[in-house]
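Just so it is clear, none of the values below were taken in a lab; they were calculated from the coordinates. Just so you know, these numbers come straight off a predicted model, no measurement behind them. Here the Cβ is made from the backbone with ideal geometry for all residues, glycine too, and neighbour counts use every protein chain on show.
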Amino acid sequence: KAGVTQTPRYLIKTRGQQVTLSCSPISGHRSVSWYQQTPGQGLQFLFEYFSETQRNKGNFPGRFSGRQFSNSRSEMNVSTLELGDSALYLCASSGTQGNTEAFFGQGTRLTVV
Amino acid sequence: AQSVTQPDIHITVSEGASLELRCNYSYGATPYLFWYVQSPGQGLQLLLKYFSGDTLVQGIKGFEAEFKRSQSSFNLRKPSVHWSDAAEYFCAVGPYTGNQFYFGTGTSLTVIP
């Protein structure tokens, strides 16, 4: 079974630009979650999508958004980038709710300059 | 409120020595508990998980963890550390409202020869 695939692995963007990150979950998984990882804050939950619907959302500004497609692939978008958005963005896929764990991709390293 | 505390930010051990990484959690229901490991620039790999049953769980790479409900702890142990174990270790609890997981801030492990 293929794992969670995130693209691209690395990105460099300029302040004010917008960026889209992609995540393909494990085959059969319908839940995709996104986390932001920074040295100071650790892993912070952004949002979760399940069957194309946002099921849960963390405490991030509206500049952070996402969506999920019918094949469970998910995209995350950050608009009007700020320097503080520089982070490793991790995607995790999970099976049905309960008695399960999150399987993580290798992440997308976003640097905002 | 749900939270995970890893009191040790950084630990250094000698190769061949034993290891214990601490994790305390706060969770409103019966917790599902996890330990993940992260190598530099990589995603998170699941080491082990506790859902129910035997409170001592075995994981990959020779790791084990013990769930102690009375102490709200889920400490990770390894009898003999190898240089390749140097990495960041995260304790997590969940899932909560869907597939949201709460992570500790991580413990960085250095292994010296």
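Counting Lys and Arg as +1 and Asp and Glu as -1, each charge on the Cβ, what is the dipole of chain B about the Cα centre in debye, to the nearest 20? All intermediate terms of the calculation are to be shown ahead of the outcome.
Numbers: 7 positive and 8 negative charges, 45 e Å.
Dipole of chain B, to the nearest 20 debye: 220 debye.
What order do you get for B:I11, B:I60 when you list them from fewest to most C-beta neighbours inside 10 Å? Can you show the working numbers first?
Values: B:I11 16, B:I60 10.
In increasing order of surrounding Cβ atoms, one gets B:I60, B:I11.
How much net charge surrounds B:Y50 when only the other residues with a Cβ under 14 Å from the Cβ of B:Y50 are counted, with Lys and Arg +1 and Asp and Glu -1?
Details: positive: B:K49, B:K68, B:R69, B:R77; negative: A:E101, B:D54, B:E64, B:E66.
So the environment of B:Y50 carries a net charge of 0.
Once each part is reduced to its C-alpha centroid, what is the distance from the stretch B:17-91 to the stretch A:50-113 in angstrom?
If we compute the Cα centre of each part, the gap is 24 Å.
Please provide three numbers in whole Å: the alpha-carbon extents of the stretch A:14-64 along the principal axes, with the largest listed first.
36, 23, 19
Number of Lys pairs in the protein assembly as shown with C-alpha atoms less than 19 angstrom apart, excluding same-chain neighbours closer than eight positions?
On the way: B:K49/B:K61; B:K49/B:K68; B:K49/B:K78; B:K61/B:K78; B:K68/B:K78.
Close lysine pairs found across the protein assembly as shown: 5.
Using Cα pairs under 8 angstrom and six or more residues apart, how large is the relative contact order of chain A, in percent?
Working: 294 pairs, mean separation 41.1, N = 113.
In percent, rounded to a whole number, it is 36.
Quick one: what do you get for the stretch A:10-113 if you divide its Cα Rg by 2.2 N^0.38 Å?
Numbers: Rg = 13.2 Å, N = 104, 2.2 N^0.38 = 12.8 Å.
Against the compact-globule rule of thumb, the ratio is 1.03.
What are the semi-axes of the equivalent ellipsoid for chain B, taken as the square roots of 5 times the Cα gyration tensor eigenvalues, largest first, in whole Å?
On the way: eigenvalues 108, 43, 30 Å².
Square roots of five times the eigenvalues give 23, 15, 12 Å.
Where in the stretch A:48-109 are there trypsin sites (Lys or Arg not before Pro) that are in a DSSP coil and have at most 13 other Cβ atoms within 10 angstrom of their Cβ?
Numbers: sites: A:R55, A:K57, A:R63, A:R67, A:R73, A:R109; in loops: A:R63, A:R73.
Passing both the DSSP loop test and the Cβ count: A:R63.
In the protein assembly as shown, what is the volume of the convex hull around the alpha carbon atoms, normalised per residue and reported in Å³?
Working: hull volume 27.7 nm³, N = 226.
It is 123 Å³ per residue.
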